[in-house]
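Read the structure below first, then the notes.
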Amino acid sequence: EVIVCSPTGTGDELEILAQVLDRMQLQIIERSLDLEEKNHHLAREVDERIQMSEFLRHAKEKAENADKAKSEFLATMSHEIRTPMNAVLGGTQIVLEMDLPPKAHKFLAMVDNSSKSLMRIIDDILDFSKMEAGKVDLDSVDFQLGDVFDQLKLLFRDQMAKKGLELIMEIYANCPHALHGDHLRIEQILVNLLGNSIKFTETGFVFVR
């Protein structure tokens, strides 16, 4: 709003100017109050964000501690279960080498295969807890790839027979049979792949090459 008046303005002009100044002062006061309110609102938002940040930090710490406790529990339980399972596997192998009736040998072989399957599950759980802790170690030993395949055939023989499936396993001629590394990890991977393949195959065969 622009008011033009002479230095020696009339009374009316001075009154108009006073009214304009009053309105400007009122607007300044209103804007100051508005800014003050916005500052209070902003301060509350900052406080809330600080509180939320603290809450999230505590929640993250609790989650990390819970994960650590879970991993430690899994590792401990896996080791505790492995001890009696190793005894079962060792005793079963000894009895299987004895002169047994065919039917008893068949049932004991099923127990042996099931025990080995359970041991692999335990190893998977132990590996999972190690991965979460960032402490996965790989073995480095000499082994034959054919021996791994033979073990897998024995492990899945009964499961394949129940579903009427055929398991075909082939190693390329140019693929080295004598290897150096972690044969248990390779076996674990193949067990998982074969287990899923057999689970979702209704008829025919499963082919590993």
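I need the chymotrypsin sites (Phe, Trp or Tyr not before Pro) found in region 147-209, filtered to DSSP loop residues with at most 10 other beta carbons within 10 Å of theirs. Before the final figure, lay out each step's value.
Values: sites: 149, 156, 172, 200, 205, 207; in loops: 172, 200.
Counting only loop positions with at most 10 other Cβ atoms within 10 Å, the chymotrypsin sites (Phe, Trp or Tyr not before Pro) in region 147-209 are 172, 200.
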Principal axis box of region 27-110, alpha-carbon based, largest edge first, Å: 106, 21, 9
Run lengths n ≥ 4 of DSSP H only: what is the helix-derived mean residue ellipticity at 222 nm for the chain, with -39500 (n - 2.57) per run over all residues, to the nearest 500? -27000 deg cm²/dmol
For a bin width of 10 Å, list the pair-distance distribution of the chain built from all Cα-Cα distances, rounded to whole %. 6, 17, 20, 13, 7, 6, 6, 5, 6, 6, 5, 2, 1, 0
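Which trypsin sites (Lys or Arg not before Pro) in region 81-157 sit in a loop by DSSP (not H, G, I, E or B) and have at most 14 other Cβ atoms within 10 Å of their own Cβ? Provide the component values of the computation, followed by the final result.
Working: sites: 82, 103, 106, 116, 120, 130, 135, 153, 157; in loops: 135.
Counting only loop positions with at most 14 other Cβ atoms within 10 Å, the trypsin sites (Lys or Arg not before Pro) in region 81-157 are 135.
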Total charge dipole magnitude, the chain, about the Cα centre, Cβ charges on Lys, Arg, Asp, Glu only, Debye to nearest 20: 1620 debye
Expressed in angstrom and rounded, the centroid-to-centroid distance over alpha carbons for region 15-53 and region 143-209 is 76 Å
With the full set of protein chains in place, find how many percent of the accessible area of region 25-97 is carbon and sulfur; take the probe as 1.4 Å. 60 percent
In whole percent, and with a 1.4 Å probe on the protein chains, what portion of the accessible area of region 128-209 is carbon and sulfur? 56 percent
Total lysine pairs under 16 Å (Cα atoms) in the chain, excluding pairs fewer than 8 apart on one chain: 16
Just name one of 77, 178, 95: the one whose Cα is farthest towards the positive end of the charge dipole of the chain (beta-carbon charges, Lys/Arg +1, Asp/Glu -1). 95
How much accessible area per residue does the chain have, in Å², with a 1.4 Å probe? 74 Å²
Placing +1 on each Lys and Arg Cβ and -1 on each Asp and Glu Cβ in region 10-49, then taking the dipole about the Cα centre, the residue among 17, 35, 46 whose Cα reaches farthest towards the positive end is 46
What does DSSP give for the chain in terms of the percent of beta bridges that are antiparallel, rounded to the nearest 5? 50 percent
Full-stretch length increase - residue 153, residue 207 - with 0.36 nm per residue and alpha-carbon distance subtracted: 18.3 nm
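The values are calculated or read from the model by the stated rules, or taken from the named source; none is laboratory data. Computed from a prediction, not measured in an experiment: that's the story for all the values here. Don't worry about glycine lacking a Cβ; one is built from the backbone with ideal geometry, like all the others, and counts go over all protein chains shown. We work out accessible area using only protein heavy atoms, side chains counted, and drop any ligands, DNA or RNA first. Shrake-Rupley method; radii C 1.70, N 1.55, O 1.52, S 1.80 Å.
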